[in-house]
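Working notes, beginning with the structure itself.
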Amino acid sequence: MNNPALADAAKLIGRILLALMFVLAGWSKISGYAGTQAYMGSAGVPAILLPLVIVVELIGGLMIVVGYKTRLAALVLFAFTIAASVLFHMNWAAPMQQQIFLKNLAVAGGFLVLFAAGAGRYSVDKD
């Protein structure tokens, strides 16, 4: 792309769109703490990990939005998304779970692109 301002604007919008579901999910886990713990337990994931999940989703998502340590946050959220997909969305008999799994793979791919491309000029990182 020969227009750096347009490329940086696209990176900003892309960062916001990628991070939105993580910020909202992290916030909803705070208000629905007990229910989330029960859901995690039903999947065999120790409920004690919930505070870490909230931090990764909420803080990691906000880091992506503002473009602070973007490459690191993108790698963490990439790994988190793959892990969540494997732990919670591997029921291939349920078409909706398959769709969520595939959507998560696409989101993980977006985080890899963000890791490679950097946050852009409209960020704290300015890279």
Subset of region 69-125 [charged (D, E, K, R) and in contact (Cβ under 8 Å) with a residue 40 or more places away in the chain]: LYS69, ARG71, ARG121, ASP125
- request: Just give me the residues in region 89-104 being of a type outside the set (A, V, I, L, M), open to solvent by less than 40 Å² (accessible area, probe 1.4 Å) and part of a loop (DSSP other than H, G, I, E, B), in sequence order.
  value: HIS89
query: Filtering region 18-64 down to residues that are among the hydrophobic types (A, V, I, L, M, F, W, C) and either touching an Asp or Glu at 6+ places or on another chain (Cβ under 9 Å) or not in a helix (DSSP H, G or I) (or both), which residue is nearest to MET90 (Cα to Cα)?
result: ALA43
Conditions (1) among the aliphatic types (A, V, I, L, M); (2) surrounded by 18 or more Cβ atoms within 10 Å (Cβ to Cβ); (3) free of Cβ contacts under 8 Å to residues at least 40 places away in the same chain; number of the one not met by ILE48: (2)
- request: May I ask you to list the residues in region 24-45 that are open to solvent by less than 30 Å² (accessible area, probe 1.4 Å) and closer than 30 Å to ALA117 by Cα?
  value: ALA25, GLY26
message: Being charged (D, E, K, R) and either in contact with a Gly (Cβ under 8 Å, 6 or more places away or on another chain) or under 24 Å from VAL53 (Cβ atoms) (or both) is the filter here; which residues of region 75-125 pass it?
response: LYS103, ASP125
query: Can we say ALA19 is touching a residue at least 24 places away in the same chain (Cβ under 8 Å) and either at negative phi or under 15 Å from the mean Cα position of the chain (by Cα) (or both)?
result: yes
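The values are calculated or read from the model by the stated rules, or taken from the named source; none is laboratory data. Because the structure is a prediction, the values reported are computed rather than measured. As a convention, Cβ positions derive from the backbone with ideal geometry for all residues, glycine included, and neighbour counts pool all protein chains shown. When the accessible area is computed, the model is the full protein with side chains, heavy atoms only, and any ligands, DNA or RNA have been set aside. Shrake-Rupley method; radii C 1.70, N 1.55, O 1.52, S 1.80 Å.
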